[in-house]
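Here's the structure, in structure tokens; my notes come after.
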Amino acid sequence: MKVTLLASAAFAVPTLDALLDSGHEVSVGTQPARPAGRGRKRTQPTPIAARCTELGFEATELGDVNDSSGMDWITACQPDLVAVVAFGQKLGPAVRSAGSWGCVNIHPSLLPRWRGAAPVPAALLAGDKETGVCIIDVVERMDAGAILAQRKTPVLAKTAGELLDELSYTGAELLLETIDAMVCDDITRQVQDEDAVTRAAKLSGDDGRIRWEHTAAEVDGRVRAVSPKPGAFALLDDGRRLRIHAGEPLAAARGPLPGEVLAADGEGVVVACGEGAYRATRLQREGGKPLDVDAFLRGFELVAGARLGP
């Protein structure tokens, strides 16, 4: 099948590899290279463009896939199917109808739960026990198309980064299965239940701020939801940020005020929460680098009774 892949982010790389490995004829469109580095004097290609270069061909940079040059390129590709994966542009009706088999998207959530820009962090912040990936039709409204296929995965203690990586491979596999089902005319489209829709807003830096009055489970969910970016943090008594990269929730008796350090040793920095406690095992002080707790405490004094702010 001739597949035009519109993709930019690292999440889409397994899909590109899978399509090529399975013998499909693939054309690739991506976002333009962006200024990067000190002084913004060099440009950095998207992860998809970089992967194409590694494989010996070039992705086509599309400033706006919907404009005349973008449509000329897509028309010349003569796609059977347009697949959109972490592309970063809204598609107009002409693009959506360019493929004779349609236009589909890989979305990393169990739709209709968590439509929007950051579905994996949203699932962790909400304490969801499972998440997954869907193949959906691309329609005018974001993430609102019919579901062609869906696969679930348990959240467990994974970070957003770990889950997104896992789902990138699951989504690639599921897309290949969906294409095979299309060829065999074995596709059932499930219309999304609009009453069950939840929204996943784009994360901001302040979403990493730990609120110690929350339960230990909620603190743990936040640390994992914002890993690797934008990153979780608390404030030291001098106002500097203490970044927390990993840890686990603990049961603890009520008593200490939220934010009080209960213990600081080689096993972790244990901080009281609104319910239970959180043990941080990998930390980073402002201007430093991430360290496991024993190395961190050798260079930074943090003792029981100290207070961490939100």
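Table for the structure above
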read-out: All lysines inside 30 Å of K152 as judged from Cα atoms, apart from same-chain residues fewer than 8 positions distant; value: K2, K90, K129, K202, K229
read-out: The chain, relative contact order [Cα under 8 Å, separation at least 6], %; value: 13
read-out: Cα-centred dipole magnitude for the range 205-299, charges only on beta-carbon of K, R (+1) and D, E (-1), debye, nearest 20; value: 340
read-out: Unit charges on C-beta of K, R, D, E only; dipole of the chain, Debye; value: 1200
read-out: Given the chain, longest segment not containing exposed loop trypsin sites (Lys or Arg not before Pro) (DSSP; at most 12 other Cβ within 10 Å); value: 255-310
read-out: DSSP loop GluC sites (Glu not before Pro) with at most 11 other Cβ within 10 Å: longest gap in the chain; value: 1-139
read-out: Among A160, A50, A123, residue whose mean-square fluctuation peaks in a GNM of the chain (springs only between Cα atoms under 10 Å); value: A50
read-out: Positive-end residue of M182, I147, A33, charge dipole of the range 2-200 with Cβ unit charges; value: A33
read-out: Sorted by Cβ density within 10 Å, fewest first, the residues V155, V183; value: V183, V155
read-out: Percent of Cα-Cα distances greater than 18 Å, calculated over the range 181-246; value: 55
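Computed from the coordinates by the stated procedures, all read-outs in this text should not be read as laboratory data. Quick caveat: nothing in here was measured; it's all calculated off a predicted structure. Here Cβ is always computed from backbone atoms with ideal geometry, including for glycine, and neighbour counts include all displayed protein chains.
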